[in-house]
Amino acid sequence: MKQLKRFALLSAAALTLVACSDNTPKQVSLNGETITLSAPSNFASMEVRSGKYTFTNVTTGVATEIDHPLTTDAKVNEGLYNVKFEGEADCVVDLTKAGDGEEAPEPVTVRMQGVQNNVVVKADGSFRLTLSLSVVPEASDDFVISEIYYVGSAYAPDASGKQKQYNGDAYVKITNNSDRVLYADGLALCESEFLTPTKRTGLNPDIRSSAISADCVMVIPGSGQDYPVQPGESIVLCDNAQNHKEADPDFMDLSGADFEWYTKSTNANYPDIDNPAVPNLDIYYCYTATIFVLHKQGNKGYAIARMPQGMTKEKWLNEYTYTYNYTLANGSTSRDVTSYKIPNEWVVDAVELRGYKNEFAWSVFDPSFDISYTYCGDLNAGTIKYGTAVRRKTASTTADGRQVLQDTNNSAEDFERNVTPSMK
C-alpha cells in the first residue's frame, strides 16, 4: 500500500514538473509602436499603402507572413528572425530638389522594400524594429552584374573523396541591360572589405549609407569610348584569361575574356599569369601581394561602379580613404583601420553573397543596392558543389529578341543559384 502511495506521489510530481516546464514560445503583438517603416533620405514624405512583412525564423526556417497595415491580431512568436517588407507607398521626393519657379511634385506610387537580419523578438515589451525602405527599381537601364563564378573549379575527387581546388578560372560577367550602347571605360569591379557573416558591431563610422568599403578596386581602362557594349551584350572580367580546359575538360575556357586582373604576384610560390592578348584591368588597390581570387566561400559582396571622368588612381588613393574601428567580442574597441571607399553615387550595381558554411549576419552594402543575398551550395548541408555559378534571371524579352535581366535589388529573387557557368 505504501508503495502504491509513493508511486502516486512521484507521478503527481512528474506531472507538476511537466506542467511547469512548458517551452511553448510566447507570442508578441505587432503594431505601429513595435515596427516603424523609415523613408529614404531624399523623400519629403512617404505613406505606405499596403504590403507584407515576412518574419523568417533563423533557427527553424519557418516563414510567417503578416499584412500591412498591421491589424490588432497581428502576432509572431518570440525568437530570432530575418524580417523583410515588400509593399507600395505614396511618396514625394525632397522638395528642395525642385528648382525655382517649379511646382511641388505630386505624390507617386512606387514599390518599396526593406530588410533587417538577426532581429531578436522578445515578449517582454522591449521589441522595437525600424525598417529602412528603398524603392524597387522598375527596370535596370545600365550595366548589371549578370553572372559570378566565384566558387571556382576542382579536380575530380580522389580515393578519399576529397577534391583539390583549382585557381585561375573565376570570372564576373557584366551585361548592358539598357536599350542603348554603353561604354565600359572607367567601370570598376569592387570587392567588399567586410565579410557578410562577420558583423562589425559598433562600427565607427558606419559609412554604408554613403559609400562602400572595398578591399579591391579594379578599373577597366580607356579614354571614354574605347570599349562600347551593345544593348543586351556582355563583357567578361576574369582571373586568368586562359583556356583552363587544358588542365581539365570541366574547367572554364576564358581565352576569349574581355579583361583580366593581373596582380603581378610577389610570391614565387603563387605566380600570376598574364595573357598579353587580353587587356589588363587597372588595379587601383588590392589587399593581396600575391594573386587575387574571388572569395571561394562566398562571404563577400561585389559591386560595379563608374569612376568619374578625370579620376586617376593616384587621386582616388589620396582622397578616398577613411579610418574606422569597431567593438571586439570582449567589449573593447579595436585598433583603427584605414581603408578605401567608393561613394554610393558611383555605384551602378551590387550583389551580396552568403557563404554556404556561414549565416548572413549583415549587409555589407547599403540595403538600397541589395536587400538580400545569393549563393552557391546547399545551405542546409553546409556543402558546396564546385563548378557552379549564380546567374541573373531574365525578366522579359523585347520584340527584337533582347533579354532584359531582372534587377529588383533583391539578389535572393534576382539570381538563379547553382547553375552551370556560361563560360564552361
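The values are calculated or read from the model by the stated rules, or taken from the named source; none is laboratory data. These numbers were taken from a predicted model, which means no experiment stands behind them. Don't worry about glycine lacking a Cβ; one is built from the backbone with ideal geometry, like all the others, and counts go over all protein chains shown. Heavy atoms of the whole protein, side chains included, go into the accessibility calculation; ligands, DNA and RNA do not. Shrake-Rupley method; radii C 1.70, N 1.55, O 1.52, S 1.80 Å.
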Taking the criterion of being out of contact with any Lys or Arg (no Cβ under 7 Å at 6 or more places or on another chain), within 30 Å of Thr130 (Cα to Cα), touching a residue at least 12 places away in the same chain (Cβ under 8 Å) and hydroxyl-bearing (Ser, Thr, Tyr), would at least one residue in region 406-423 satisfy it? yes
Using the structure shown, decide if Lys173 is basic (Lys, Arg), over 18 Å from Tyr262 (Cβ atoms), buried (at least 23 other Cβ atoms within 10 Å of the Cβ) and out of contact with any Lys or Arg (no Cβ under 6 Å at 6 or more places or on another chain). yes
Taking region 153-165 and keeping residues open to solvent by less than 40 Å² (accessible area, probe 1.4 Å) and farther than 30 Å from Val229 by Cα leaves Ala154
Just one of Tyr166, Tyr171, Tyr150 is farther than 27 Å from Lys341 by Cα, touching a Phe, Trp or Tyr at 6+ places or on another chain (Cβ under 9 Å) and in contact (Cβ under 8 Å) with a residue 24 or more places away in the chain; which is it? Tyr166
Could you check region 56-76 and list, in sequence order, the residues that are more than 22 Å from Ala89 (Cβ to Cβ) and outside any loop (DSSP other than H, G, I, E, B)? Thr56, Asn57, Ala63, Thr64, Lys75, Val76
Pairs needed: first member in region 318-336, over 15 Å from Asp215 (Cβ atoms); second member anywhere, among the aromatic types (Phe, Trp, Tyr); C-beta distance under 6 Å; at least 6 residues apart or different chains. Ser334/Tyr326
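So that you can scan it fast, the table gives a plain yes or no per residue for (1) part of a strand (DSSP E or B); (2) more than 26 Å from Thr36 (Cα to Cα); (3) open to solvent by 20 Å² or more (accessible area, probe 1.4 Å); (4) at pLDDT 95 or above:
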site	(1), (2), (3), (4)
Thr96	no, no, yes, no
Glu103	no, yes, yes, no
Met112	yes, no, no, no
Glu147	yes, yes, no, yes
Val151	no, yes, no, yes
Leu189	yes, yes, no, yes
Arg200	no, no, yes, yes
Asp206	no, no, yes, yes
Test Leu133 against the stated conditions and say whether it is buried (at least 23 other Cβ atoms within 10 Å of the Cβ), more than 26 Å from Phe292 (Cα to Cα) and of a type outside the set (D, E, K, R). yes
Do you know which residues across region 380-389 are in a strand (DSSP E or B) and at pLDDT 95 or above? Ala389
Considering only region 320-365, give the strands (runs of 3 or more DSSP E) lying wholly within it that have at least 1 residues that are of a type outside the set (Val, Ile, Thr) and open to solvent by 10 Å² or more (accessible area, probe 1.4 Å). 321-324, 337-343
Checking the structure you have, find out if any residue of region 27-49 is charged (D, E, K, R) and at pLDDT 90 or above. yes
Of all residues being part of a loop (DSSP other than H, G, I, E, B) and within 11 Å of Thr374 (Cβ to Cβ) in region 390-424, which is least open to solvent (accessible area, probe 1.4 Å)? Just the residue, please. Asn410
How many of the residues in region 356-376 are closer than 15 Å to Lys296 by Cα and modelled with pLDDT under 95? 3
Sole miss for Leu294 among (1) of a type in the set (A, V, I, L, M, F, W, C); (2) under 26 Å from the mean Cα position of the chain (by Cα); (3) open to solvent by 50 Å² or more (accessible area, probe 1.4 Å) is condition (3)
Where residues in region 68-94 are open to solvent by 40 Å² or more (accessible area, probe 1.4 Å) and of a type in the set (Ser, Thr, Tyr), which of them is modelled with the highest pLDDT? Thr71
Taking only region 298-319 into account, find how many residues are assigned to a loop (DSSP other than H, G, I, E, B) and modelled with pLDDT of 95 or more. 7
